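Worksheet for the structure shown next.
What follows draws every value from the coordinates through simple rules; no lab data is involved. All values derive from a computational prediction rather than experimental measurement. Every residue, glycine among them, receives a Cβ derived from its backbone with ideal geometry; neighbour counts consider all protein chains shown.
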Amino acid sequence: MKSIQRNEPPDCLGKQPKSQSWDDFKNSECHLALHAGLRQEQQALCCYCETNINDGDGHIEHIEPRTVNQKRIYDYTNLALSCNGGNAKHCGHYKDNRQRNPGYKWNAARFSSPHDPETCLLFTYDKQSGKICPTKANQDTSGYMIGYLGLNCPSLQERRRSHASRLIDALTEQPGVETRNFLCEYYLKPDTDNYLQSFYSLSKAILEP
């Protein structure tokens, strides 16, 4: 989970009526501006799984769910951009879905925000299977988040496994500094729009161990 460096929220966000419903806000120009700003801030990566979010895709995520704390609906520190999780199999649409994810619910004491620079230290990867695994930094928190967000659902795990395999094969077939530098440039550096490729943290673990 890549740490997110925060930008300034759009001015319109602070002007939203406190009594306004989120559904009404979703039809506003401010929602579009907020979505675009969060995508730029996150370099087009999902705040949880690091898959690419294309323009207009994904959804604005309330890290602390709206059902838990209505006061934070328009709180920028509680907002991020999440992918839609492949029909709600992982990430924002999955985490608070009681039918799909009955074993977990919001626990502020066990959740580490993607905006916290320490969060990225909680996870490592099994490059052979594509699993995301807890580190020793805080196994309770990392294990909880993996389950709560569905970060090891089969489809996501397979996408990470395939990505790792491609990188490892490239390094094996054409070993050398030039190949590694090319891969680092493509997978670890933002493009001209300041966007990154999917699975930045996994790429970094392989290319800059």
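Worth pointing out:
- Neighbour net charge for Ser155 - beta-carbon separation under 12 angstrom, K R +1, D E -1: +3
- Rounded to the nearest 20 debye, the dipole size of the chain about its Cα centre is 800 debye, using +1 on the Cβ of Lys and Arg and -1 on the Cβ of Asp and Glu.
- Converting phi to 3J(HN,Hα) with the Karplus coefficients 6.51, -1.76 and 1.60 and the offset θ = phi - 60°, region 4-16 yields 9, 8, 6, 9, 7, x, x, 4, 5, 5, x, 9, 6 Hz in sequence order, with x at every glycine or proline.
- Along the axis of the charge dipole computed for region 11-207 (Cβ charges of +1 for Lys and Arg, -1 for Asp and Glu, origin at the Cα centre), the listed residues Leu13, Asn97, Ile53 are led at the positive end by Asn97.
- Other-chain or far-sequence residues with amide H under 5 Å of His115's (modelled H): Ile4
- 3J(HN,Hα) from dihedral phi, region 111-117, Karplus parametrisation 6.51/-1.76/1.60, rounded to Hz, x for glycine, proline: 9, 10, 5, x, 7, 7, x
- Exposed loop positions in the chain were taken to be trypsin sites (Lys or Arg not before Pro) whose DSSP state is not H, G, I, E or B and which have at most 14 other beta-carbon atoms within 10 angstrom. Between these positions, the longest stretch is 137-209.
- Order of Asp140, Asp57 under a 10 Å beta carbon neighbour criterion, fewest first: Asp140, Asp57
- Length available on full extension from Glu173 to Lys71: 0.36 nm per residue minus the Cα-Cα distance, which gives 31.3 nm.
- Each residue of region 42-47 was assigned a 3J(HN,Hα) from its phi angle through the Karplus expression (A = 6.51, B = -1.76, C = 1.60, θ = phi - 60°), giving 8, 6, 6, 10, 4, 5 Hz with x at Gly and Pro.
- The H on the amide N of Cys49, modeled in the peptide plane, is under 5 Å from the matching H of Cys83, each at least 5 residues off or on a different chain.
- Rounded if a/c under 1.5, otherwise prolate or oblate - region 1-71, Cα gyration tensor axes: prolate
- With both labels modelled 7 Å from their Cα along Cα-to-Cβ, the Asp23 to Glu8 distance reads 3.4 nm.
- Cut-off under 5 Å, modelled amide H: who pairs with Tyr125 long-range: Cys133
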